[in-house]
Amino acid sequence: MAAVITIYGKDLPDTAQLERYEPPTLSRIYSGEGILMDEFARERRIFTPVDEIPDLVKQAFISAEDKNFYEHHGFDPRGIVAAVYDSALHGSRLRGASTITQQVMKNFLLTGDRSGERKIKEIILATRLENTLTKDEILELYLNEIFLGQNSYGVTAAAQIYFGKSLDALTVSEAAYLAALPKEPSNLHPVRQKTDAINRRNYVIGQMADNGYLTRDAAAAAQAEDLLTVQGGELTSAWAGRPPRDYFTDEIRRQLSAKLGDEELFTGGLAIRATVDPKLQETAAEALRDGLEKYDRGIRVYRGPVAEIDPATFDPADEASWRKALGGTDVPRDIAGWHPAVILSVGESSARIGVENVPEAGDGNTLGFADASWARVRDANNRLRAPRGPADLWKVGDVIFVKAVEKDGAFDHWSYRQIPAIQGGFMAMDTQTGRVLAMQGGFSYQSSVFNRATQALRQPGSSFKPFVYAAALDSGYSPATIVLDAPIEVATGAGIWKPENSGNTYYGPTPMRTGIEQSRNLMTVRIAQDIGMDLVAKYGERFGIYDNMPELLSYSLGAGETTLYKMVAAYAELANGGLKVEPTLVDRVQDRYGKTIYRHDQRACEGCTADDVTDAGNPMVHSNAERVMDAITAYQVTSMLQGAVARGTSAASVGQLHLNLAGKTGTTNEAKDVWYIGYSPRIVAGCYMGYDDPRPLGESAFGGTLCAPIFVEFIKEAMKGQGPVKWEVPPGGHFIRIDRHTGQRLADNAEGANVQAEYIRDGQDLMVGAYGQTVDAGWKMGADVPLFESVRNSPQIERVQIRGQNRALPSNPSLGSMSSGGLY
């Protein structure tokens, strides 16, 4: 025996490493309220200390696998003799007789082959392990590591997967079934191999009685029970009621994988606290879906069924048959209020439908043709026409979506719904901390996992203009500066570029404020020419909108591609007075031992570390944020964007809230992308809409008509109960009064509809009765030029010649591509 141990005991793994063993454990995402939102794992395992595992569970596994566990020293001689005898008697492979300690060694340190050599090594290591760990520590490793089928590892995960319960809620028969699984986890399925599963479970129950853990009566009662599981549909899943994976948690996965690595995220047992506000997330998703669906219904095109079931595979008259067929379809099920439904029959004015998870009542559920008659179909020549009846839209086996419509608080009828072809994204963020409060990356995550808030690169259009104006204000402009709004032609290496205003109207010499309130393209181009695109590019990079922004004049109108995520973060820096913000979806990450390994908020807190709450003073949080913009500039831009809300491109939507908000629309050439980003001092939210394969949205599509209403629905919930916001005025300036239309300086006591109070830097005074600085990108105009009312629709064109590709005349930048980027 000593010789065998000497020969096979050489070069074996060190059992002491199991003292430091950390099993791969799933990571979980929680909301700020501690509600479980999502899990990420390669092996679904929830580590549970041995002293928290109920005795019933321990007794079941010991009875099933190793009844002498607490008596032997790693291996069971009697069991080995019995296994050898059985193998010789039946001529089968040597199997069985492995103690729990031996199974731990096999699972952790050895291969799974059944050779005699491996068995000897297993016994040697098991003996050594018994001298390294206590019996309870060995049992802890076993009960947390063992594979129990259905991608469950360890007893805690298995209890949730099979029974939707915690360990302490398991019955005798349920604990015995889990203990039956190590023998054949893939061949004792509770539905497909139910008879074999019950037989093995009952054997374990009998062993528990033989070992004195149960009375005979209790064992008999447990053996008589049916095997009811989540898989069989008799029990509710532990994940029932938990929201399905969405854009928010998937983006956390993407960002933490990049920061920590896949291995740590999927096996490290992390506790991740998300920044999401569940109520605002729900509101954001609903608002975006409503906006996308409204546009889709407006173009009135039927897109066909979301799936099709072969009518030969189910019986429309048999409820169990069609429910099984419908349940097997791969369709999105994460759209609040929408139900997948299968067409069971088609009549003259309606179709009979089977609705998932909705009981049949009376003659069943019907979908009226009148509710879907808006959806035009294509004829044989691919021309759109109105449908003539239900048969023009549906056939038996078509899977569609329906939504219940209520009247006076009670169900009235089913309404047809379809997933729009247009897509979009929405995001809301705390302007002070960068905490992302809501994020929706498309109509439905289960329909398309591509996150259009963080992954879609699109032209921001006019929503980029505030950063051009910010660069100008830092360069000596004021909101009262007069800028020429008139046609211009630019000669580039690609030909003549003719940027235009929306509607081809021109205001002539106009105050800078009006330029951003009414989103005047030509004023923006002239400002960018005057201050230089090199400076504009620096601002685009400073605010994180672009990593390396080309010095192309078309970029001043938002022709460069960026993401909604970056744009919303940039606007947050306008809202908070010019301080750098790092957007985050995660507040904190803790490892499996509760140690914080990442915390987003790095601000110092004075008076936050008292030992007792009664000893604590008034806590003071000190910001250490970098300043990216002068505070006066941030205030001036915000003031002008308040004007855009009050009387500009979003006055008809956001302006009607009367909350004193700031915001800017964005619409690109041919309205391929539409945007809106708005903010208060504490919250900023942005919306983007467009086709994934960019194409025009139509003549009436603007950021103010499509995206601004989505922002309105969200901000009403986010600011419920709040009145108009107040903006803190930074030091270093003073207010003057000007004529909002002409820019003329007025007396300090002037009043009237056209009087605008402008905050001007100290030392930038204008005389009463005079105009501000006049700018036309290189040439100056006198104070007596005609004002905008007299030159609207002016044919005057200024021509600018560029010498060579990407080479400019003195003080003029390269003008870049032919695209004008933003229009309105």
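Listed by chain and number, the lysines whose alpha-carbon sits under 23 Å from that of Lys194, ignoring those within fewer than 8 places in the same chain, are Lys165, Lys183, Lys324. Here's how it looks for Gln418: its modeled amide H is under 5 Å from none belonging to a residue 5 or more places away or on a different chain.
Simple point charges give the picture: +1 on the Cβ of Lys and Arg, -1 on the Cβ of Asp and Glu, and for the range 357-448 a dipole about the Cα centre of about 520 debye.
Trypsin sites (Lys or Arg not before Pro), restricted to the range 360-434: which are DSSP loop and have at most 16 other Cβ atoms within 10 Å?
Listed in order of number, the matching sites are Arg383, Arg388, Lys395.
With the cut-off at under 11 Å, measuring from each backbone N in the range 481-511 to a point 7 Å along the Cα-to-Cβ line of Asn754 picks out no residue. The simple spin-label model puts a point 7 Å past each Cα toward its Cβ; for Gln722 and Gln764 those points are separated by 2.7 nm.
In the neighborhood of Val654, defined by Cβ-to-Cβ distances under 14 Å, what is the net charge if each Lys or Arg adds +1 and each Asp or Glu adds -1? Net of charged neighbours comes to +1. With R₀ fixed at 22 Å, the C-beta to C-beta distance from Asp601 to Ala646 puts the FRET efficiency at about 0.05. Sparsely packed loop sites in the range 202-259 (the chymotrypsin sites (Phe, Trp or Tyr not before Pro) outside DSSP H, G, I, E and B with at most 12 other Cβ atoms within 10 Å) do not occur. Note on Lys566: lysines with a C-alpha under 22 Å away, same-chain residues under 8 apart excluded, are Lys259, Lys465, Lys538, Lys580, Lys664, Lys672. Here the range 198-252 is assigned +1 on the Cβ of each Lys and Arg and -1 on the Cβ of each Asp and Glu. Its dipole about the Cα centre then comes out at about 180 debye. With all protein chains present, calculate the accessible area of Phe401 using a 1.4 Å probe and round the result to the nearest 10 Å². Spelled out: Phe401, probe radius 1.4 Å, area about 10 Å². If the segment from Asp547 to Asn211 were pulled out straight at 0.36 nm per residue, it would be longer than the present Cα-Cα gap by 114.0 nm.
Expressed as a whole number of Å, what is the distance separating the alpha-carbon centroids of the range 510-554 and the range 622-656? Result: 16 Å between the Cα centres. Residues in the range 372-513 average 32 Å² of solvent-accessible surface per residue, probe 1.4 Å, ligands and nucleic acids excluded. Loop-located chymotrypsin sites (Phe, Trp or Tyr not before Pro) in the range 557-615 (DSSP state other than H, G, I, E, B) with a sparse environment of at most 14 neighbouring Cβ atoms within 10 Å: Tyr593.
Listed by chain and number, the lysines whose alpha-carbon sits under 27 Å from that of Lys407, ignoring those within fewer than 8 places in the same chain, are Lys279, Lys294, Lys716, Lys720.
Treating the beta-carbon of each Lys and Arg as +1 and of each Asp and Glu as -1, no other charges, what is the dipole magnitude of the range 637-719 about its Cα centre, to the nearest 20 debye?
Numbers: 6 positive and 7 negative charges, 74 e Å.
Dipole magnitude for the range 637-719 comes out near 360 debye.
A cut-off of 5 Å between modelled amide H atoms, ignoring neighbours fewer than 5 places along the same chain, links Leu437 with Ala428, Met429, Asp430.
The values are calculated or read from the model by the stated rules, or taken from the named source; none is laboratory data. For clarity, every value in this text was computed on a predicted model and none was experimentally measured. Reconstructed Cβ throughout: ideal geometry from the backbone, glycine too, with neighbour counts over all protein chains shown. Note: accessible area is taken over every heavy atom of the protein model, side chains too, but ligands, DNA and RNA are not part of it. Shrake-Rupley method; radii C 1.70, N 1.55, O 1.52, S 1.80 Å.
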